[in-house]
Amino acid sequence: MHLFFRFLRFVRPYRWRLLWALFLVFVSHGLTMPIPWITKVLIDRVPAWAGGTVEAQAAGRAELRQLLFVIVGGVLVLHVLNAIMAYVRAMALTFIGNRVLFDVRSAVYRHLQRLSMRYYESRSTGHIMARVLYDVDAVQAILSGGLVDMLSNVIVVTVVIPVLFVVNAKLALLSMCFVPLYVANFLLLRRQIRHAAVEVRDQYSEVYATLHESVSGVKVVKSFVRERHEARRFARELREQVKLGMRSARWNTLLGVNAGLITNVAWLVVLYIGGRMVLRATHPSPDAMTYGDLLAYLGYQGMLFGPVISLVTINATIQNVMAAVERIMDTLDTVPDIKDKPTAKSPAYIEGKVEFRRADFAYEPGQPVLEDITFVAEPGKMVALVGPSGGGKSTLVNLIPRFYDPTSGEVLVDDIDLRDMRGSTLRRNIGMVLQETFLFHGTLRENIKYGKPEATDEEVLQAAIAANAHDFIMEFPDGYETEVGERGVRLSGGQRQRISIARAILRNPRILILDEATSALDSESEFLIQQALGELMKGRTSFVIAHRLSTVMNADLILVLDEGRIVERGVHAELATKPDGLYAHLCEIQFKRAEEKLKEYQAQVDAKKQ
């Protein structure tokens, strides 16, 4: 419950609307509370008109008809007023529920944006989506009426119990004997209901994760003809969801059925004992009561047991909500691994000097990925990172925008430790062009402007020209307003890469990171992109990861990484001729491959001539 009370801080801005809804609940119950007593008065008047002379009986019947008309009319007015207030109350609660839903979802999403890369790497996208969508949706039910209904039920129980004692104290004590049975029913099933609710919510996350994976990887699914496999996998998750849903429903239904059985038994017991009291009314007896008293008592007992049942059965909703609240608060309580110090610096200008001082890094303790990385990248210079796959190249460049902090050692920009610099200031001065380019659903113009939303159309045009993207953009009927589709699906790989380069050019960063930016492209696209990258790297400190050594031959510094360590460093001319050097070995391999491809091409040309 502590988490739930913490969660209620989202309701605080709307507390006056909530109090207004509670006031309407008070008034609504105040309007319906007299109805059983009015019925008692009417019924108790009937015997008085039944005796006497014929004239007296006729007068009594006329008076009864008049009183009946007045009572029915009055009760109708009460119900109409109650309906109006129910509508106003429902709209107020719906507003509160939707606003709180908006606030919670926004808070969760904003917090997710602040979390470190490590958080995203340890959780699937589907699980994260479930937090933002499904878990937040679950709390709307309790906020759009459940909370007020629960409070109103408590109010009704508090008010009705004294009224029952006023009508008949003996029957009231009898009714109170059944209340512990409701409590016992709740306590016996509470743990099972909560456990089942948690399982259901966890399984929904699995369903989200499976669905997201299969939709995101639909091209791979189709290319490997795995549609049936994915359908079976999704059906398996859904069957587990159904099984857990049935288990949850079994406990919730049992809770409600037990509560209903207790209510019916209590009603029958009170009817029997009360009926005997009514029969004693023909003889002098201290336990005697009228027909009207019995009907009024049964009416008020219904007002009591109805809210009691609601308070018991709402436990299922509360347990479901508590499971969702626990997951939401767990997300909001997650502390980012990377966060700014209160004294973090925000320099007005970054020159672009990058230095690593004996930096080590490990994703998991005891499993180093980088060890003793030391080098300096001077402003405006190009540093190339080469070496076998898995050597730590991408991890190294991920330390520069401070996606991670080194486990020991330092990474500095302009002689400032990145842990002493504001992350937003650092990243505004870094541009990244990756092997797998991500474009957002929207237009080409919107994607180019993503890093600089305030850019003018002329600036967008110049960036696209510099990235060799303008010509293919203008081939589209809508030009820069062309929708790229989800993840840029309407563009080729080379086109997506050039849009990414245009995005980086427009941002005008001082530090540039190129991670395999041309590895998956055809020769023509690679040529155009190499030209664009050459334009982009001018005057910027650049870090280039590439397996094709032809792209890094002109680097000012080449770092050769193997198993997380820098094993060689220098320029191409000296490294390529170093005996038994890893770089020289890589050059030899690529030269042989190029020579073999050239021979294959020449053979094809000779075959065509013959």
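Is it the case that Arg419 is over 22 Å from Ser116 (Cα atoms) and of a type in the set (Lys, Arg)? In short, no.
Of all residue pairs spaced 6 or more apart or on separate chains, those with beta-carbon atoms under 9 Å, a first member in the stretch 96-114 that is without any contact (Cβ under 8 Å) to a residue 24 or more places away in the chain and open to solvent by 20 Å² or more (accessible area, probe 1.4 Å) and a second member that is in a helix (DSSP H, G or I) and aliphatic (A, V, I, L, M) are Tyr109/Val132. Of all the residues in the stretch 396-432, those that are more than 14 Å from Phe543 (Cβ to Cβ), over 27 Å from the mean Cα position of the chain (by Cα) and of a type in the set (S, T, N, Q) number 3.
Considering only the stretch 469-478, how many residues are in a loop (DSSP other than H, G, I, E, B) and either at pLDDT below 85 or surrounded by 13 or more Cβ atoms within 10 Å (Cβ to Cβ) (or both)? Spell out how you get there, then give the answer.
In the first step, residues of the stretch 469-478 are kept if they are in a loop (DSSP other than H, G, I, E, B); the result is 469, 475-478.
Next, from what is left, pick out any that are either at pLDDT below 85 or surrounded by 13 or more Cβ atoms within 10 Å (Cβ to Cβ) (or both): 469, 476.
Residues in the stretch 469-478 being in a loop (DSSP other than H, G, I, E, B) and either at pLDDT below 85 or surrounded by 13 or more Cβ atoms within 10 Å (Cβ to Cβ) (or both): 2 in total.
What's the total number of residues in the stretch 479-492 that are out of contact with any strand residue (DSSP E or B) (no Cβ under 8 Å at 6 or more places or on another chain) and either open to solvent by 80 Å² or more (accessible area, probe 1.4 Å) or without any contact (Cβ under 8 Å) to a residue 40 or more places away in the chain (or both)? Here the count works out to 5.
Would you be able to say whether some residue in the stretch 120-133 is of a type in the set (Phe, Trp, Tyr) and open to solvent by 70 Å² or more (accessible area, probe 1.4 Å)?
Filtering the stretch 120-133 for residues of a type in the set (Phe, Trp, Tyr) gives 120.
Those left that are additionally open to solvent by 70 Å² or more (accessible area, probe 1.4 Å): 120.
Yes, there is a match, as at least one residue in the stretch 120-133 is of a type in the set (Phe, Trp, Tyr) and open to solvent by 70 Å² or more (accessible area, probe 1.4 Å).
Could you grab the pairs with beta carbons closer than 6 Å, sequence gap of 6+ or different chains, first residue in the stretch 361-386 and closer than 18 Å to Val571 by Cα, second one open to solvent by less than 30 Å² (accessible area, probe 1.4 Å) and assigned to a loop (DSSP other than H, G, I, E, B)? Filtered contacts from the stretch 361-386: Pro379/Gly352; Met382/Ala555; Ala384/Val552; Ala384/Ala555. Scanning the stretch 417-450 for residues that are of a type in the set (Lys, Arg) and part of a loop (DSSP other than H, G, I, E, B) yields a single hit, Arg422.
Report yes if some residue within the stretch 249-268 is of a type in the set (D, E, K, R), buried (at least 16 other Cβ atoms within 10 Å of the Cβ) and at pLDDT 80 or above; otherwise report no. Within the stretch 249-268, none of the residues are of a type in the set (D, E, K, R), buried (at least 16 other Cβ atoms within 10 Å of the Cβ) and at pLDDT 80 or above.
Based on what the data block shows, is Met117 touching a Phe, Trp or Tyr at 6+ places or on another chain (Cβ under 8 Å) and touching a residue at least 60 places away in the same chain (Cβ under 8 Å)?
Details: touching a Phe, Trp or Tyr at 6+ places or on another chain (Cβ under 8 Å): yes; touching a residue at least 60 places away in the same chain (Cβ under 8 Å): yes.
Taking the combined requirement at face value, the residue satisfies it.
Inside the stretch 395-417, residues that are over 17 Å from Ile513 (Cα atoms) and open to solvent by 40 Å² or more (accessible area, probe 1.4 Å) make up a count of 4.
Looking for whichever is over 29 Å from Asp337 (Cβ atoms), surrounded by 14 or more Cβ atoms within 10 Å (Cβ to Cβ) and modelled with pLDDT of 75 or more here; the options are Ala184, Ala197. Which one fits?
Details: Ala184 fails: surrounded by 14 or more Cβ atoms within 10 Å (Cβ to Cβ).
Answer to the check: Ala197.
Against the criterion of being at pLDDT below 80 and under 30 Å from Ala107 (Cα atoms), Thr317 qualifies. Scanning the stretch 533-574 for residues that are in contact with a helix residue (DSSP H, G or I) (Cβ under 6 Å, 6 or more places away or on another chain), open to solvent by less than 40 Å² (accessible area, probe 1.4 Å) and closer than 30 Å to Ile465 by Cβ returns Leu536, Phe543, Ile545, Leu549. Within the stretch 544-556, residues that are under 17 Å from Met432 (Cβ atoms) reach partners that are open to solvent by less than 10 Å² (accessible area, probe 1.4 Å) and hydrophobic (A, V, I, L, M, F, W, C) with beta carbons closer than 6 Å, at six or more positions or on different chains, in the pairs Val544/Ala384; Val544/Leu514; Val544/Val552; Ile545/Leu385; Ala546/Val552. One residue is enough: does the stretch 425-441 have a residue meeting the conditions in contact (Cβ under 8 Å) with a residue 12 or more places away in the chain, buried (at least 19 other Cβ atoms within 10 Å of the Cβ), among the hydroxyl-bearing types (Ser, Thr, Tyr) and more than 21 Å from Ile566 (Cα to Cα)? Yes, there is a match, as at least one residue in the stretch 425-441 is in contact (Cβ under 8 Å) with a residue 12 or more places away in the chain, buried (at least 19 other Cβ atoms within 10 Å of the Cβ), among the hydroxyl-bearing types (Ser, Thr, Tyr) and more than 21 Å from Ile566 (Cα to Cα). Summed over the stretch 374-394, the residues that are more than 22 Å from Arg507 (Cβ to Cβ), at pLDDT 85 or above and open to solvent by 30 Å² or more (accessible area, probe 1.4 Å) give a count of 2. Entry remark, the stretch 169-181: residues being open to solvent by 20 Å² or more (accessible area, probe 1.4 Å) and assigned to a helix (DSSP H, G or I) number 8 in total. Of the residues in the stretch 407-434, how many are more than 18 Å from Glu378 (Cα to Cα) and β-branched (Val, Ile, Thr)? Summing the residues that are more than 18 Å from Glu378 (Cα to Cα) and β-branched (Val, Ile, Thr) in the stretch 407-434 gives 3.
Test Val397 against the criterion of being among the hydrophobic types (A, V, I, L, M, F, W, C), within 21 Å of Pro336 (Cβ to Cβ), touching a Phe, Trp or Tyr at 6+ places or on another chain (Cβ under 7 Å) and not in a strand (DSSP E or B), and give yes or no. Spell out how you get there, then give the answer.
On the way: among the hydrophobic types (A, V, I, L, M, F, W, C): yes; within 21 Å of Pro336 (Cβ to Cβ): yes; touching a Phe, Trp or Tyr at 6+ places or on another chain (Cβ under 7 Å): yes; not in a strand (DSSP E or B): yes.
Answer is yes for this residue.
Sub-8 Å Cβ pairs linking a first residue in the stretch 324-340 that is in contact (Cβ under 8 Å) with a residue 12 or more places away in the chain and over 15 Å from Glu121 (Cα atoms) to a second residue that is among the aromatic types (Phe, Trp, Tyr) and not in a loop (DSSP other than H, G, I, E, B), at least 6 apart or interchain, are Ala324/Tyr134; Val325/Phe4; Val325/Phe7; Ile328/Phe7; Met329/Phe7, ordered by first then second residue.
For the stretch 91-107, a residue qualifies if it is aromatic (Phe, Trp, Tyr) and in contact with a helix residue (DSSP H, G or I) (Cβ under 7 Å, 6 or more places away or on another chain), and exactly one does: Phe95.
The values are calculated or read from the model by the stated rules, or taken from the named source; none is laboratory data. Keep in mind that this is a model prediction, so the values were computed, not measured. Neighbour counts run over all protein chains shown; Cβ positions are idealised from the backbone, glycine included. Just the protein is used for accessible areas: all its heavy atoms, side chains included, with ligands, DNA and RNA removed. Shrake-Rupley method; radii C 1.70, N 1.55, O 1.52, S 1.80 Å.
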